[in-house]
Amino acid sequence: AKESGRNTYAFYTPSLTVIANEKLDLEARLRHALTQGEFLLHYQPQLDIQSGGLIGCEALVRWNNPQQGLISPARFIPLAEETGLIVPLGEWVLRQACSQARAWLDAGMPNLSMAVNLSARQLQQPDIVARVAAILEETGLPAETLKLELTESMIMGHGEEVVVLLQDLKALGIRLSIDDFGTGYSSLAYLKRFPIDEIKIDQGFVHDIPNDSNDNQIAIAIIGMAHGLSLKVMAEGVETEAQRDFLAQHGCDAFQGYLFSRPLPAEEFTRFLSGTGPL
Ligand code: C2E
Ligand code: CA
Ligand code: CA
Ligand code: CA
(Lines give C-alpha, C1' and ligand atoms only; values in the text may rest on other atoms or scores of the structure.)
(Ligands and ions follow the chains in the order given, each with its own letter.)
Protein backbone atom coordinates (compact mmCIF):
# COMPACT_ATOMS: atom_id res chain seq x y z
CA ALA A 1 0.00 0.00 0.00
CA LYS A 2 2.87 2.26 0.84
CA GLU A 3 4.46 1.62 -2.53
CA SER A 4 1.31 2.22 -4.50
CA GLY A 5 0.81 5.34 -2.40
CA ARG A 6 4.21 6.55 -3.44
CA ASN A 7 3.52 5.68 -7.05
CA THR A 8 0.28 7.57 -6.94
CA TYR A 9 2.11 10.48 -5.41
CA ALA A 10 4.81 10.39 -8.05
CA PHE A 11 2.24 10.07 -10.81
CA TYR A 12 -0.20 12.81 -9.82
CA THR A 13 1.82 15.48 -8.09
CA PRO A 14 3.58 17.06 -11.03
CA SER A 15 0.41 17.64 -13.03
CA LEU A 16 -1.50 18.98 -10.04
CA THR A 17 1.38 21.30 -9.26
CA VAL A 18 1.48 22.50 -12.83
CA ILE A 19 -2.25 23.17 -12.77
CA ALA A 20 -2.00 24.97 -9.42
CA ASN A 21 0.90 27.06 -10.68
CA GLU A 22 -0.92 27.93 -13.89
CA LYS A 23 -3.89 29.05 -11.81
CA LEU A 24 -1.71 31.14 -9.51
CA ASP A 25 -0.03 32.60 -12.53
CA LEU A 26 -3.31 33.45 -14.21
CA GLU A 27 -4.65 34.91 -10.97
CA ALA A 28 -1.58 37.12 -10.63
CA ARG A 29 -1.89 38.22 -14.25
CA LEU A 30 -5.59 39.01 -13.76
CA ARG A 31 -4.79 41.17 -10.74
CA HIS A 32 -2.09 42.91 -12.71
CA ALA A 33 -4.45 43.38 -15.67
CA LEU A 34 -6.99 45.10 -13.42
CA THR A 35 -4.45 47.60 -12.11
CA GLN A 36 -3.02 48.13 -15.62
CA GLY A 37 -6.38 48.82 -17.23
CA GLU A 38 -6.21 45.85 -19.61
CA PHE A 39 -9.94 45.11 -19.50
CA LEU A 40 -12.42 46.62 -21.90
CA LEU A 41 -16.08 46.25 -22.75
CA HIS A 42 -17.78 45.28 -25.96
CA TYR A 43 -21.45 46.10 -26.46
CA GLN A 44 -23.90 43.83 -28.21
CA PRO A 45 -27.03 45.50 -29.63
CA GLN A 46 -30.43 44.31 -28.40
CA LEU A 47 -33.43 44.82 -30.67
CA ASP A 48 -37.19 44.86 -30.44
CA ILE A 49 -37.97 41.64 -32.31
CA GLN A 50 -41.27 42.91 -33.67
CA SER A 51 -40.18 46.34 -34.97
CA GLY A 52 -36.46 45.71 -35.43
CA GLY A 53 -35.69 48.90 -33.50
CA LEU A 54 -32.62 49.18 -31.28
CA ILE A 55 -33.56 49.10 -27.58
CA GLY A 56 -30.25 48.68 -25.81
CA CYS A 57 -27.12 46.65 -25.49
CA GLU A 58 -25.35 44.17 -23.23
CA ALA A 59 -21.88 45.00 -21.93
CA LEU A 60 -19.46 42.06 -22.23
CA VAL A 61 -15.97 42.17 -20.77
CA ARG A 62 -12.78 41.30 -22.67
CA TRP A 63 -9.17 41.17 -21.59
CA ASN A 64 -6.74 42.90 -23.89
CA ASN A 65 -3.60 41.03 -22.97
CA PRO A 66 -0.38 42.65 -24.26
CA GLN A 67 1.02 39.26 -25.29
CA GLN A 68 -2.07 37.35 -26.35
CA GLY A 69 -4.44 40.02 -27.58
CA LEU A 70 -8.17 39.89 -26.81
CA ILE A 71 -9.07 37.08 -24.42
CA SER A 72 -12.65 35.85 -24.10
CA PRO A 73 -14.38 36.00 -20.70
CA ALA A 74 -14.96 32.24 -20.84
CA ARG A 75 -11.21 31.92 -20.20
CA PHE A 76 -10.96 34.16 -17.14
CA ILE A 77 -14.40 34.77 -15.56
CA PRO A 78 -14.52 31.31 -13.89
CA LEU A 79 -11.16 31.88 -12.16
CA ALA A 80 -12.10 35.46 -11.33
CA GLU A 81 -15.22 34.08 -9.63
CA GLU A 82 -13.28 31.40 -7.79
CA THR A 83 -10.70 33.85 -6.43
CA GLY A 84 -13.09 36.70 -5.67
CA LEU A 85 -11.38 38.96 -8.21
CA ILE A 86 -14.75 39.15 -9.94
CA VAL A 87 -15.81 41.62 -7.24
CA PRO A 88 -13.39 44.43 -8.20
CA LEU A 89 -13.56 43.41 -11.88
CA GLY A 90 -17.36 43.38 -11.85
CA GLU A 91 -17.41 46.75 -10.14
CA TRP A 92 -15.12 48.14 -12.83
CA VAL A 93 -17.43 46.68 -15.51
CA LEU A 94 -20.49 48.26 -13.92
CA ARG A 95 -18.84 51.68 -13.59
CA GLN A 96 -17.46 51.55 -17.13
CA ALA A 97 -20.79 50.46 -18.65
CA CYS A 98 -22.73 53.15 -16.76
CA SER A 99 -20.31 55.88 -17.72
CA GLN A 100 -20.41 54.76 -21.38
CA ALA A 101 -24.22 54.83 -21.33
CA ARG A 102 -24.07 58.33 -19.79
CA ALA A 103 -21.64 59.44 -22.52
CA TRP A 104 -24.02 58.18 -25.22
CA LEU A 105 -26.87 60.12 -23.57
CA ASP A 106 -24.70 63.24 -23.43
CA ALA A 107 -23.88 62.84 -27.12
CA GLY A 108 -27.60 63.01 -27.87
CA MET A 109 -28.07 59.32 -28.62
CA PRO A 110 -31.47 57.78 -27.88
CA ASN A 111 -31.97 56.48 -24.33
CA LEU A 112 -31.00 52.84 -24.66
CA SER A 113 -30.93 50.29 -21.91
CA MET A 114 -27.53 49.09 -20.68
CA ALA A 115 -27.45 45.48 -19.49
CA VAL A 116 -24.60 44.41 -17.20
CA ASN A 117 -23.83 40.90 -15.95
CA LEU A 118 -23.62 40.59 -12.18
CA SER A 119 -21.87 37.59 -10.63
CA ALA A 120 -22.95 35.68 -7.54
CA ARG A 121 -19.98 36.99 -5.55
CA GLN A 122 -21.01 40.56 -6.26
CA LEU A 123 -24.60 39.94 -5.24
CA GLN A 124 -23.36 38.41 -1.97
CA GLN A 125 -21.63 41.61 -0.89
CA PRO A 126 -23.60 42.99 2.06
CA ASP A 127 -23.45 46.51 0.61
CA ILE A 128 -24.21 45.63 -3.02
CA VAL A 129 -27.29 47.90 -3.16
CA ALA A 130 -25.28 50.87 -1.88
CA ARG A 131 -22.51 50.08 -4.36
CA VAL A 132 -24.87 50.06 -7.33
CA ALA A 133 -26.49 53.27 -6.05
CA ALA A 134 -23.08 54.92 -5.69
CA ILE A 135 -22.08 54.04 -9.27
CA LEU A 136 -25.36 55.42 -10.64
CA GLU A 137 -24.79 58.59 -8.63
CA GLU A 138 -21.14 58.89 -9.64
CA THR A 139 -21.81 58.38 -13.35
CA GLY A 140 -25.08 60.32 -13.41
CA LEU A 141 -26.85 57.52 -15.25
CA PRO A 142 -30.65 57.46 -14.86
CA ALA A 143 -31.40 54.26 -12.92
CA GLU A 144 -34.01 53.09 -15.42
CA THR A 145 -31.30 52.86 -18.08
CA LEU A 146 -29.48 50.13 -16.16
CA LYS A 147 -30.47 46.49 -16.31
CA LEU A 148 -28.67 43.89 -14.22
CA GLU A 149 -28.48 40.32 -15.50
CA LEU A 150 -28.54 37.61 -12.83
CA THR A 151 -28.70 33.85 -13.25
CA GLU A 152 -31.24 31.46 -11.78
CA SER A 153 -28.69 29.78 -9.54
CA MET A 154 -27.88 33.12 -7.89
CA ILE A 155 -31.39 33.48 -6.55
CA MET A 156 -32.52 29.88 -6.25
CA GLY A 157 -32.70 28.29 -2.86
CA HIS A 158 -31.67 31.42 -0.99
CA GLY A 159 -35.08 32.13 0.43
CA GLU A 160 -36.61 35.36 1.56
CA GLU A 161 -33.40 37.37 1.97
CA VAL A 162 -32.79 37.32 -1.80
CA VAL A 163 -36.35 38.50 -2.43
CA VAL A 164 -35.68 41.46 -0.12
CA LEU A 165 -32.31 42.14 -1.75
CA LEU A 166 -33.81 42.18 -5.23
CA GLN A 167 -36.61 44.43 -4.00
CA ASP A 168 -34.00 46.85 -2.66
CA LEU A 169 -32.18 46.82 -6.01
CA LYS A 170 -35.47 47.40 -7.84
CA ALA A 171 -36.22 50.28 -5.49
CA LEU A 172 -33.22 52.10 -6.99
CA GLY A 173 -35.24 52.21 -10.22
CA ILE A 174 -33.12 49.74 -12.18
CA ARG A 175 -34.39 46.67 -14.04
CA LEU A 176 -33.55 43.02 -13.41
CA SER A 177 -33.19 40.25 -15.94
CA ILE A 178 -32.66 36.49 -15.54
CA ASP A 179 -29.87 35.31 -17.84
CA ASP A 180 -29.51 31.85 -19.39
CA PHE A 181 -33.10 31.01 -18.50
CA GLY A 182 -33.91 27.33 -18.77
CA THR A 183 -30.43 26.00 -17.95
CA GLY A 184 -30.98 25.88 -14.18
CA TYR A 185 -33.54 23.99 -12.22
CA SER A 186 -35.99 26.70 -11.45
CA SER A 187 -39.37 27.19 -12.99
CA LEU A 188 -41.19 30.33 -13.90
CA ALA A 189 -43.60 29.56 -11.08
CA TYR A 190 -40.65 29.83 -8.70
CA LEU A 191 -39.36 33.01 -10.33
CA LYS A 192 -42.62 34.85 -9.81
CA ARG A 193 -41.60 35.42 -6.18
CA PHE A 194 -38.82 37.68 -7.39
CA PRO A 195 -39.29 41.26 -8.62
CA ILE A 196 -37.78 40.70 -12.06
CA ASP A 197 -38.62 42.38 -15.35
CA GLU A 198 -37.27 40.07 -18.01
CA ILE A 199 -35.99 36.62 -18.73
CA LYS A 200 -33.45 35.75 -21.40
CA ILE A 201 -34.03 32.47 -23.21
CA ASP A 202 -30.68 30.72 -23.19
CA GLN A 203 -28.96 30.44 -26.55
CA GLY A 204 -28.86 26.66 -26.11
CA PHE A 205 -32.61 26.58 -26.73
CA VAL A 206 -32.47 29.09 -29.56
CA HIS A 207 -29.77 27.24 -31.47
CA ASP A 208 -31.93 24.55 -33.12
CA ILE A 209 -35.08 26.61 -33.64
CA PRO A 210 -37.07 26.02 -35.85
CA ASN A 211 -35.77 22.53 -36.71
CA ASP A 212 -36.01 20.89 -33.29
CA SER A 213 -39.65 20.60 -32.30
CA ASN A 214 -38.74 20.14 -28.61
CA ASP A 215 -36.81 23.41 -28.54
CA ASN A 216 -39.63 25.11 -30.45
CA GLN A 217 -42.12 23.96 -27.82
CA ILE A 218 -39.83 24.99 -24.95
CA ALA A 219 -39.43 28.48 -26.40
CA ILE A 220 -43.18 28.81 -26.95
CA ALA A 221 -43.87 27.64 -23.40
CA ILE A 222 -41.32 30.03 -21.87
CA ILE A 223 -42.72 32.98 -23.81
CA GLY A 224 -46.30 32.11 -22.88
CA MET A 225 -45.61 31.64 -19.19
CA ALA A 226 -43.34 34.70 -18.96
CA HIS A 227 -46.03 36.86 -20.50
CA GLY A 228 -48.56 35.35 -18.12
CA LEU A 229 -46.36 36.69 -15.32
CA SER A 230 -45.93 40.06 -17.08
CA LEU A 231 -42.25 39.46 -17.82
CA LYS A 232 -40.53 40.51 -21.03
CA VAL A 233 -38.69 37.86 -23.02
CA MET A 234 -35.31 38.40 -24.66
CA ALA A 235 -33.85 35.66 -26.87
CA GLU A 236 -30.07 35.45 -27.01
CA GLY A 237 -27.78 33.84 -29.55
CA VAL A 238 -30.10 34.52 -32.49
CA GLU A 239 -28.04 33.76 -35.58
CA THR A 240 -30.56 33.14 -38.36
CA GLU A 241 -33.60 34.83 -39.82
CA ALA A 242 -35.52 31.60 -39.34
CA GLN A 243 -34.83 31.73 -35.59
CA ARG A 244 -35.80 35.37 -35.35
CA ASP A 245 -38.97 34.90 -37.40
CA PHE A 246 -40.08 31.91 -35.37
CA LEU A 247 -39.51 33.73 -32.07
CA ALA A 248 -41.19 36.90 -33.33
CA GLN A 249 -44.18 34.93 -34.55
CA HIS A 250 -44.57 33.39 -31.10
CA GLY A 251 -44.56 36.71 -29.31
CA CYS A 252 -40.97 37.03 -28.10
CA ASP A 253 -40.21 40.69 -27.29
CA ALA A 254 -36.54 41.22 -28.04
CA PHE A 255 -33.39 39.54 -29.26
CA GLN A 256 -29.65 39.82 -29.54
CA GLY A 257 -27.30 37.74 -31.61
CA TYR A 258 -24.90 37.51 -34.50
CA LEU A 259 -27.82 37.80 -36.95
CA PHE A 260 -27.80 41.51 -36.21
CA SER A 261 -24.39 42.07 -34.68
CA ARG A 262 -21.56 40.66 -32.65
CA PRO A 263 -20.57 42.57 -29.51
CA LEU A 264 -18.81 45.76 -30.69
CA PRO A 265 -16.05 47.95 -29.27
CA ALA A 266 -17.42 51.25 -27.90
CA GLU A 267 -16.14 53.30 -30.86
CA GLU A 268 -17.86 51.04 -33.37
CA PHE A 269 -21.09 51.07 -31.40
CA THR A 270 -20.89 54.86 -31.24
CA ARG A 271 -20.42 55.13 -35.02
CA PHE A 272 -23.38 52.80 -35.47
CA LEU A 273 -25.54 54.88 -33.07
CA SER A 274 -24.66 58.11 -34.81
CA GLY A 275 -25.60 56.58 -38.14
CA THR A 276 -22.12 56.86 -39.59
CA GLY A 277 -20.98 53.30 -39.05
CA PRO A 278 -21.65 49.98 -40.81
CA LEU A 279 -24.26 47.38 -39.74
P1 C2E B 1 -23.68 35.59 -21.44
O2 C2E B 1 -23.97 36.62 -20.43
O3 C2E B 1 -24.70 34.52 -21.66
O4 C2E B 1 -23.38 36.41 -22.78
C5 C2E B 1 -23.76 35.98 -24.06
C6 C2E B 1 -22.59 35.38 -24.80
O7 C2E B 1 -23.01 34.92 -26.07
C8 C2E B 1 -21.47 36.40 -25.09
O9 C2E B 1 -20.23 35.69 -25.06
C10 C2E B 1 -21.80 36.81 -26.52
O11 C2E B 1 -20.69 37.32 -27.24
C12 C2E B 1 -22.25 35.50 -27.11
N13 C2E B 1 -23.13 35.68 -28.25
C14 C2E B 1 -23.89 36.74 -28.57
N15 C2E B 1 -24.60 36.52 -29.69
C16 C2E B 1 -24.29 35.26 -30.10
C17 C2E B 1 -24.72 34.44 -31.21
O18 C2E B 1 -25.52 34.83 -32.05
N19 C2E B 1 -24.19 33.19 -31.27
C20 C2E B 1 -23.29 32.72 -30.36
N21 C2E B 1 -22.83 31.48 -30.53
N22 C2E B 1 -22.88 33.47 -29.31
C23 C2E B 1 -23.37 34.71 -29.18
P24 C2E B 1 -18.97 36.31 -24.34
O25 C2E B 1 -18.91 37.76 -24.58
O26 C2E B 1 -17.81 35.45 -24.74
O27 C2E B 1 -19.30 36.10 -22.80
C28 C2E B 1 -19.39 34.79 -22.27
C29 C2E B 1 -19.92 34.81 -20.87
O30 C2E B 1 -18.98 35.44 -19.98
C31 C2E B 1 -21.20 35.61 -20.70
O32 C2E B 1 -22.29 34.84 -21.12
C33 C2E B 1 -21.18 35.88 -19.21
O34 C2E B 1 -21.64 34.76 -18.50
C35 C2E B 1 -19.69 36.06 -18.94
N36 C2E B 1 -19.40 37.49 -18.90
C37 C2E B 1 -19.08 38.34 -19.90
N38 C2E B 1 -18.87 39.58 -19.43
C39 C2E B 1 -19.08 39.54 -18.08
C40 C2E B 1 -19.02 40.49 -17.02
O41 C2E B 1 -18.76 41.69 -17.22
N42 C2E B 1 -19.29 40.05 -15.75
C43 C2E B 1 -19.62 38.74 -15.51
N44 C2E B 1 -19.87 38.38 -14.25
N45 C2E B 1 -19.68 37.82 -16.49
C46 C2E B 1 -19.42 38.21 -17.76
CA1 CA C 1 -25.62 37.96 -19.99
CA1 CA D 1 -26.86 34.48 -21.43
CA1 CA E 1 -25.70 31.01 -22.06
*Regarding Val132, is this residue surrounded by fewer than 17 Cβ atoms within 10 Å (Cβ to Cβ) and either out of contact with any Gly (no Cβ under 9 Å at 6 or more places or on another chain) or not hydrophobic (A, V, I, L, M, F, W, C) (or both)?*
no
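Would you list the helices (runs of 4 or more DSSP H) that sit entirely within region 170-279 and hold 2 or more residues that are within 11 Å of ligand 1 (Cβ to nearest atom), of a type outside the set (Asp, Glu) and within 23 Å of Ser72 (Cβ to Cβ)?
Filter on region 170-279 gives 203-206.
For Leu146, state whether it is surrounded by 14 or more Cβ atoms within 10 Å (Cβ to Cβ) and within 16 Å of ligand 1 (Cβ to nearest atom). It would help to see each step written out before you state the result.
Numbers: surrounded by 14 or more Cβ atoms within 10 Å (Cβ to Cβ): yes; within 16 Å of ligand 1 (Cβ to nearest atom): yes.
Judged against the criteria, Leu146 is a match.
Going by the conditions given, is Pro88 farther than 30 Å from Asp245 by Cα, in contact (Cβ under 8 Å) with a residue 12 or more places away in the chain and more than 16 Å from ligand 4 (Cβ to nearest atom)? Before you say what the answer is, go through the steps one by one.
Working: farther than 30 Å from Asp245 by Cα: yes; in contact (Cβ under 8 Å) with a residue 12 or more places away in the chain: yes; more than 16 Å from ligand 4 (Cβ to nearest atom): yes.
Criteria met by Pro88.
Which one of these is modelled with pLDDT of 95 or more and either within 12 Å of ligand 1 (Cβ to nearest atom) or of a type outside the set (Asp, Glu) (or both): Ile71, Ile49?
Numbers: Ile71 fails: modelled with pLDDT of 95 or more.
Exactly one residue qualifies, and that residue is Ile49.
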*If you take the residues in region 133-156 that are in contact with a Cys (Cβ under 9 Å, 6 or more places away or on another chain) and of a type outside the set (S, T, N, Q), which one is nearest to ligand 2 (Cβ to nearest atom)?*
Leu146
*Do we find that Leu146 is within 23 Å of Ala33 (Cβ to Cβ), in contact (Cβ under 8 Å) with a residue 40 or more places away in the chain and touching a Lys or Arg at 6+ places or on another chain (Cβ under 8 Å) in this structure?*
no
*Restricting the search to region 78-123, which residues are more than 9 Å from ligand 1 (Cβ to nearest atom) and β-branched (Val, Ile, Thr)?*
Thr83, Val87
*Residues in region 173-190: is at least one surrounded by fewer than 18 Cβ atoms within 10 Å (Cβ to Cβ) and modelled with pLDDT of 95 or more?*
yes
*From the set of residues in region 225-252 that are within 16 Å of ligand 2 (Cβ to nearest atom) and charged (D, E, K, R), which is surrounded by the most Cβ atoms within 10 Å (Cβ to Cβ)?*
Glu236
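Looking at region 115-144 only, could you name the residues that are of a type in the set (S, T, N, Q), assigned to a helix (DSSP H, G or I) and under 13 Å from Arg95 (Cα atoms)?
We begin by selecting, within region 115-144, every residue of a type in the set (S, T, N, Q); these are 117, 119, 122, 124-125, 139.
If we keep only those that are assigned to a helix (DSSP H, G or I) too, we end up with 122, 139.
Correct list: Thr139 only.
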*Could you count how many residues in region 253-263 are among the aliphatic types (A, V, I, L, M) and surrounded by fewer than 21 Cβ atoms within 10 Å (Cβ to Cβ)?*
1
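Can Leu141 be described as farther than 23 Å from Ala80 by Cα, of a type in the set (A, V, I, L, M, F, W, C), touching a Gly at 6+ places or on another chain (Cβ under 9 Å) and away from ligand 1 (no atom under 14 Å from the Cβ)?
On the way: farther than 23 Å from Ala80 by Cα: yes; of a type in the set (A, V, I, L, M, F, W, C): yes; touching a Gly at 6+ places or on another chain (Cβ under 9 Å): no; away from ligand 1 (no atom under 14 Å from the Cβ): yes.
No, not satisfied.
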*Check Leu123 against each of (1) surrounded by 15 or more Cβ atoms within 10 Å (Cβ to Cβ); (2) over 14 Å from the mean Cα position of the chain (by Cα) and name the one condition it does not meet.*
(2)
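The values are calculated or read from the model by the stated rules, or taken from the named source; none is laboratory data. What you are looking at is a predicted structure, and each value in this text was computed from that prediction instead of being measured. Please note: Cβ atoms are built from the backbone with ideal geometry, for glycine as well, and neighbour counts cover all protein chains shown.
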